[in-house]
Amino acid sequence: GFKVLASASHYWPLEDVDGIHEFRDTNGDIVEGMVNKGMYVAEEKGVTFLVFGRYQNSCISNPEVCGPEGVTFSFFWKTQDQKTKFLPASGGQVISSGFKIYSNEGEGSVEFYTHGNAKMKWKASFSPPGPYWTHILFTWKSREGLKVYVNGTLNTTDPDGKVFYDYGDSSANLLTGAAGDQAKRYVNGAFDEFIIWERALTPNEIEQYFTAAVGVQVLLSSTLPWSVVTTTAKPVLSTNAYRSVITSLTEERGNFQSPDTMLGYLENIFFNLPNKSVSENTALSLTQAFLKAIEDFLLFPSWMDVPETAHIFGSLIQTIDSVMAHITHNLDENTLPLTVEGTSSVADYTLVKMHHQTLNLSHYRFPSRGQSYISIPSEAFHAKAWITIVGLLYHNMHYFFHNINPMDTKIAEAAAYKGYMISATSFLISIKVEPLPKLSHNLSGSPLITIQLAHKLTPKQYSQALNKSNRVHLYCAFLDYSNGTGVWSNEGCVRESGDLNYSVCLCNHLTNFAILMQVVPLKV
């Protein structure tokens, strides 16, 4: 990991920070001085900015100069406190000619610009750091676009970018910090270990550097569940590496004042899960503790008054998927085949790790009983591999996907009826299989996934649907995360049959599915 760092073009260690290892080479020229050589930290009006000086005609400040090797920027970032601060918009739009990084209203963003003949902008968003050190790294290549890594793992991408003219002052310095106007909330930031490579690091190099910077062993602290704790001596693993995670999930219940804070905490649970083998009992305990925390999240008051619930719950579902997949992937291979299943107020769930030969049925079905289920033909599974399956049938999640603007979806038929809102009208069901099943690209071919979902219409939806002057549109839809956030799409799915009480869908991929309903007056 430190060999990767030694290959950097520019490196500012800034201050000594507990839990983040530095690299200081007095003989080399990689260390560029403490703070004021090319970079300085400005604290004004309650906000900490990391300002990067101009490098004329260099890849650092002008991406157009970057060769096909691209460029990488890396730093650790945290917010100093959780208090709300209201500030004027001073510096809010200050950027370098190359890029801007900022945290604002529950979203962190990286924006990347080229200003030559092709004026382009790439933007990728992620959950911003809370009061814990978080590693942010982004790479850019002209052919691959922007990739953002959080804590060593690819988080979000913008491969294509878009033509963009209104990019502010092209000769200004870089500002890293909060952006926006005075109605926005600002936070006090801190930065450490700012590094630039005039090439795009590989995913393996990024993971190696992150591991070296935070130490070999990463555990959740019992006092601050999100803080990164490292050991410099030989790590002494507890008999159960997951115990501290379960303890944190249990002890932190009820301690969160806002959904944003809690969502950040849940996302960091995933980032801090140890990559260790997990027994059946521990997997069950961890799943139950995690779903209890999700239950608390759903019980925050006044959810229905929050305008952007679809975006928030899209992120929540992605986090649940990631945690469950991690647990399943790490199930103890000495006890396979293994199934961990149960039910909670949030969802029915199953975690399976088995060999294809164990599957002696024509179809794998989750859940095994009930009116709502997903069915996968056995010939779609890879014959020579261990298979992991994560299934979740959510009981209440559909309530939070209401009044979705059809223009915010990738459902062309729905977007044709602009202004007529869409709502989830069935349970949300999720299934993830690795390796990915071999499915037909053609929706009239085979094998395909079959999804049957019973409808859960409200009395108002029923009366609208039965009104002869309305037409009811039912869409087999899924949450598409290809652009980083969950957007409803019906690509690769078709509604084969059904009525007002249920729908049967055929799909050529796996993800999170639901039936969406749009009621349109016949005259429209």
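The values are calculated or read from the model by the stated rules, or taken from the named source; none is laboratory data. A quick note: this is a predicted structure, and the numbers were derived from the prediction, not measured. Here Cβ is always computed from backbone atoms with ideal geometry, including for glycine, and neighbour counts include all displayed protein chains. These area figures cover heavy atoms from the full protein model, side chains too; ligands, DNA and RNA do not enter into them. Shrake-Rupley method; radii C 1.70, N 1.55, O 1.52, S 1.80 Å.
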Quick count over segment 354-394, residues being in contact with a Phe, Trp or Tyr (Cβ under 9 Å, 6 or more places away or on another chain) and either more than 27 Å from residue 477 (Cα to Cα) or not assigned by the TED database to the domain that holds residue 298 (or both), is 4
Could you tell me whether segment 489-497 includes any residue that is within 24 Å of residue 321 (Cβ to Cβ), in a strand (DSSP E or B) and open to solvent by less than 20 Å² (accessible area, probe 1.4 Å)? yes
Among all residue pairs at least 6 apart or on different chains, which show Cβ distances below 8 Å where the first residue, located in segment 370-393, is at positive phi and open to solvent by 10 Å² or more (accessible area, probe 1.4 Å) and the second is of a type outside the set (S, T, N, Q) and modelled with pLDDT of 85 or more? 370/393
If you check 261, 231, which single one turns out to be modelled with pLDDT of 80 or more and either part of a strand (DSSP E or B) or open to solvent by 30 Å² or more (accessible area, probe 1.4 Å) (or both)? 261
Quick one: residue 430 ticks every box in (1) within 24 Å of residue 499 (Cα to Cα); (2) outside any strand (DSSP E or B) except a single one, so which number is it? (2)
Residue among 453, 479 that is assigned to a strand (DSSP E or B), out of contact with any helix residue (DSSP H, G or I) (no Cβ under 9 Å at 6 or more places or on another chain) and buried (at least 19 other Cβ atoms within 10 Å of the Cβ): 453
Under 6 Å by Cβ, and 6 or more places apart or on different chains, what pairs join a residue from segment 13-26 that is over 8 Å from residue 213 (Cα atoms) and surrounded by 10 or more Cβ atoms within 10 Å (Cβ to Cβ) with one that is of a type outside the set (Ser, Thr, Tyr) and modelled with pLDDT of 75 or more? 13/22; 14/192; 17/192; 23/2; 23/5
How many residues does segment 7-27 contain that are at pLDDT below 75 and among the polar types (S, T, N, Q)? 2
Of the residues 294, 317, which is surrounded by 16 or more Cβ atoms within 10 Å (Cβ to Cβ) and over 20 Å from residue 242 (Cα atoms)? 317
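Conditions (1) of a type in the set (Asp, Glu); (2) touching a strand residue (DSSP E or B) at 6+ places or on another chain (Cβ under 7 Å); (3) in a strand (DSSP E or B), marked per residue:
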{"residue": "327", "(1), (2), (3)": "no, yes, no"}
{"residue": "340", "(1), (2), (3)": "no, yes, yes"}
{"residue": "351", "(1), (2), (3)": "no, yes, yes"}
{"residue": "354", "(1), (2), (3)": "no, yes, yes"}
{"residue": "357", "(1), (2), (3)": "no, no, no"}
{"residue": "382", "(1), (2), (3)": "no, no, no"}
{"residue": "388", "(1), (2), (3)": "no, yes, yes"}
{"residue": "391", "(1), (2), (3)": "no, yes, yes"}
{"residue": "399", "(1), (2), (3)": "no, no, no"}
Test for residue 349: is it buried (at least 20 other Cβ atoms within 10 Å of the Cβ), under 24 Å from residue 399 (Cα atoms) and aromatic (Phe, Trp, Tyr): yes
Do you know which residues across segment 328-346 are crowded, with 20+ Cβ neighbours inside 10 Å and without any contact (Cβ under 8 Å) to a residue 60 or more places away in the chain? 330, 331, 346
